[in-house]
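Remarks on the structure that follows.
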Amino acid sequence: MAFQKIIKSIEEKQFQTKRAQIQIGSVAGKKKLFKSESPKIQIGDTVKIKLVKDSPDRVQFYEGTIIAQHRAGISTTITVRRIFQNIGVERVIPIHSVSIENIQIVRRAKIRKAKLYYLRTRIGKSTRLKERFK
């Protein structure tokens, strides 16, 4: 009996991290991974995302405009575009990933399309979007 308690305590310590819950693959584990505290993200928003890489001291910030969103429950992703050294860089980021620490909305834009792929062909001031005020 004591042997089983020891094994159970060791297993609980091993599966405390979110990454271990993903490896289990259970539905209950996936429900725990949903980030309810993330802000309501919309297309056209300029966001600042804090990404934590392999070690906690390796933090990377990524700021850009959301040009697309793919809604698929736990696999929901956003495509963020930014200009880096006069070259457009796009990154597909899963919203509910354990590597994302927080998402901060810098500004909101007034848009009329679901996907902003036309921004890929624009250069300079024509890539600006009208700001939406509350």
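The values are calculated or read from the model by the stated rules, or taken from the named source; none is laboratory data. This is a predicted model, so every value here is computed, not measured. Here Cβ is always computed from backbone atoms with ideal geometry, including for glycine, and neighbour counts include all displayed protein chains. In case anyone asks, the SASA skips ligands and DNA or RNA and just uses the protein heavy atoms, side chains included. Shrake-Rupley method; radii C 1.70, N 1.55, O 1.52, S 1.80 Å.
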Item checked: Selection count, region 94-131, where residues are more than 13 Å from VAL80 (Cα to Cα) and free of Cβ contacts under 8 Å to residues at least 40 places away in the same chain -> 12
Notebook entry, point to check: When only residues in region 111-128 that are within 26 Å of GLY73 (Cβ to Cβ) and surrounded by 14 or more Cβ atoms within 10 Å (Cβ to Cβ) count, which is modelled with the highest pLDDT?
Noted result: LEU116
Note to self: I want to confirm something. Restricting to region 67-87 and keeping residues that are surrounded by 12 or more Cβ atoms within 10 Å (Cβ to Cβ) and among the β-branched types (Val, Ile, Thr), which single residue is farthest from the chain's Cα centre (by Cα)?
What the structure shows: ILE83
Checklist line | Residues (under 19 Å from LEU119 (Cα atoms), within 12 Å of the chain's Cα centre (by Cα) and either open to solvent by 100 Å² or more (accessible area, probe 1.4 Å) or of a type in the set (Asp, Glu) (or both)) located in region 36-62 | finding: none
Next item on the list: Using the structure shown, decide if GLU90 is over 13 Å from the mean Cα position of the chain (by Cα) and without any contact (Cβ under 8 Å) to a residue 60 or more places away in the chain.
Entry: yes
Notebook entry, point to check: What do you reckon, is ARG108 open to solvent by less than 80 Å² (accessible area, probe 1.4 Å), touching a Gly at 6+ places or on another chain (Cβ under 8 Å) and over 26 Å from LYS53 (Cα atoms)?
Noted result: yes
Next item on the list: Being assigned to a strand (DSSP E or B) and modelled with pLDDT of 90 or more is the filter here, so list the residues in region 98-110 that pass it.
Entry: ILE103, GLN104, ILE105, VAL106, ARG107, ALA109
